[in-house]
Amino acid sequence: MTISQFQDQFGIIGKSKEIKDLVDIIMQVAKSDISVLIYGESGTGKEVFARAIHGYSNRANKPLVSVNCGAIPEGILESELFGHKKGSFTGAMENRRGYFEIADEGTLFLDEIGEMPLTTQVKLLRVIETKEFMRIGAETVTNVDVRIIAATNKDLQNEVDSKRFREDLFFRLKAVTFNIPPLRKRKGDIEELALFFLKSYSEGNHITTPHITNEAMDILKNYPWPGNIRELKNAIETAIALNKNGTLDEFSFLPLLREIDKDISNQRNLPVFLNKTPEDADRELMYRALFEIKKDLIELKDLIYRRQDEINNIDEVLPLADVEKNAIVKALEKTHGNKRMAARLLNISERTFYRKMKGYEL
Ligand SMILES: Nc1ncnc2c1ncn2[C@@H]1O[C@H](COP(=O)(O)OP(=O)(O)O)[C@@H](O)[C@H]1O
Ligand SMILES: [Mg+2]
């Protein structure tokens, strides 16, 4: 199977070198039973990659069990993982199989492994090493054959150094380690992802796939996406759900513009490259281009929000009609007379806008 075929089969979008390299490694290690540790910020696709590893392994027709170690209360995590015998503690009404048994001959995906309590870590290491464990309250051992894939957005070495994570378990888990870079470090993938989510959401909801303008796409490409692919997917879905005319334009992504502004105030100083290589020079050009685009976006944003601030800052009480007329005049000024945009700024229909203009003899 080629890298692209693998990506198609497991729904992994992205043509960046980062993604291609990751897929390459995954295809190599999937077939063995070696433990895999996946690093990546929230929303970068850790679970997607875990599924792909399982799906391409010889265990593919056995279960993949996903456990979010951060979401399960500490007190019940062990019984969830290892199961329990009826009557072993208050509330243990029945014998219960744990995730290890359910995942037998398959894969156990331990998400947010950095959140696992130290006592549970000891037991986990023992199961990984001996391939056997006891259900809570049981006297006999149960044998399991489970491949472990763990994921975290924490720096586990750092957790080990501060004694929150056991070093022996860490060494065991990190046989193969890879890091999924955040979306802001592989901006080249944004457009393809955006178009994919645009299409899949509209098809899933039986609506015509909206057109997306270049201006809107520029916003998506320049936004830093702290929530990564999950956030991009949500932003597209919200924009489609609120869309009325079949075109996603810059106004569809206004909430993102506000964030870009915050972001840029932290990044005013462009990186300076000494001893430039051609690659550095390219990068610098790209930075400058991005910087220019961001500046344009911020001006656009200001245009829209300054109006709001002015309204909020007025102490004086004016006749409502004056305020309305004033708002219309300002909207026209700021949009250089573009009535469609002015109406959007004022959040009224174009028809209402024309009617009001006429009413105020503008
Ligand atoms: N490379 C990718 N191609 C397509 N969709 C992706 C990709 N990576 C992540 N996604 C989607 O983004 C969302 C978050 O992915 P997920 O694997 O749950 O992230 P994480 O586990 O790192 O928080 C999911 O809806 C997933 O399908
Ligand atoms: Mg996840």
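What follows is calculated from the coordinates using simple rules that are stated; it is not laboratory data. In this text the structure is predicted, and so the values were computed from the model without any measurement. In this analysis, Cβ positions are derived from the backbone assuming ideal geometry, glycine residues included, and neighbour counts consider all displayed protein chains.
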> Can you give the Kirkwood hydrodynamic radius of the chain from its Cα pairs, in Å with one decimal?
Replying inline: 24.5
> Applying 1/(1 + (r/R0)^6) with R0 = 56 Å to the Cβ-Cβ distance of Ala71 and Val317, what FRET efficiency is obtained, to the nearest 0.05?
Replying inline: 0.65
>> Let me spell out the model: positive unit charges on the Cβ of Lys and Arg, negative unit charges on the Cβ of Asp and Glu, origin at the Cα centre of the chain. What dipole size does that give, in debye rounded to 20?
In response: 480
> Where does each of Met27, Met116 land when they are ranked from fewest to most other beta-carbon atoms within 10 angstrom?
Replying inline: Met27, Met116
> How would you order 43-49, 66-72 from highest to lowest mean count of nearby Cβ atoms within 10 Å?
Replying inline: 43-49, 66-72
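In the structure shown, do any of Lys17/Lys233; Lys15/Lys185; Lys31/Lys123; Lys199/Lys233 have a Cα-Cα gap over 18 Å, and if so which?
Listed pairs above 18 Å: Lys17/Lys233; Lys31/Lys123.
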>> If you average the alpha carbon positions of region 13-88 and of region 137-200, how far apart do those two centres end up, in angstrom?
In response: 7
>> Taking the Cα centre as origin and putting +1 on Lys and Arg beta-carbons and -1 on Asp and Glu beta-carbons, what dipole magnitude results for region 314-362, to the nearest 20 debye?
In response: 420
> Which helices of the chain meet both criteria: a Cα extent of 30 Å or more along the helical axis and a mean Kyte-Doolittle score no lower than -1.0, with helices taken as whole DSSP H segments?
Replying inline: 278-313
> Can you tell which of Thr152, Thr352, Thr140 shows the greatest fluctuation in a Gaussian network model of the chain with Cα springs below 10 Å?
Replying inline: Thr352
>> Counting only helical runs of four or more DSSP H residues, what would the 222 nm mean residue ellipticity of the chain come to if each run contributes -39,500 (n - 2.57) and the total is spread over all its residues?
In response: -16500 deg cm²/dmol
>> Can you give the FRET efficiency to the nearest 0.05 for Ala138 and Leu118, using r as the Cβ-Cβ distance and R₀ = 35 Å?
In response: 0.95
>> Please arrange Tyr354, Tyr99, Tyr223 by how many other C-beta atoms lie within 10 Å of their C-beta, fewest to most.
In response: Tyr354, Tyr99, Tyr223
>> Above 27 Å lies some portion of the pair distances; for region 3-181, what is it as a whole percent of all C-alpha pairs?
In response: 27
> How much length is gained on full extension from Arg351 to Lys31, taking 0.36 nm per residue of separation minus their Cα-Cα distance?
Replying inline: 108.9 nm
> Taking Lys334 as the anchor, which lysines have their alpha carbon closer than 29 Å to its alpha carbon, excluding any fewer than eight residues away along the same chain?
Replying inline: Lys221, Lys244, Lys262, Lys294, Lys295, Lys301, Lys325, Lys356, Lys358
> Hey, in the GNM for the chain with a 10 angstrom Cα cutoff, which one of Pro182, Pro210, Pro224 fluctuates hardest?
Replying inline: Pro210
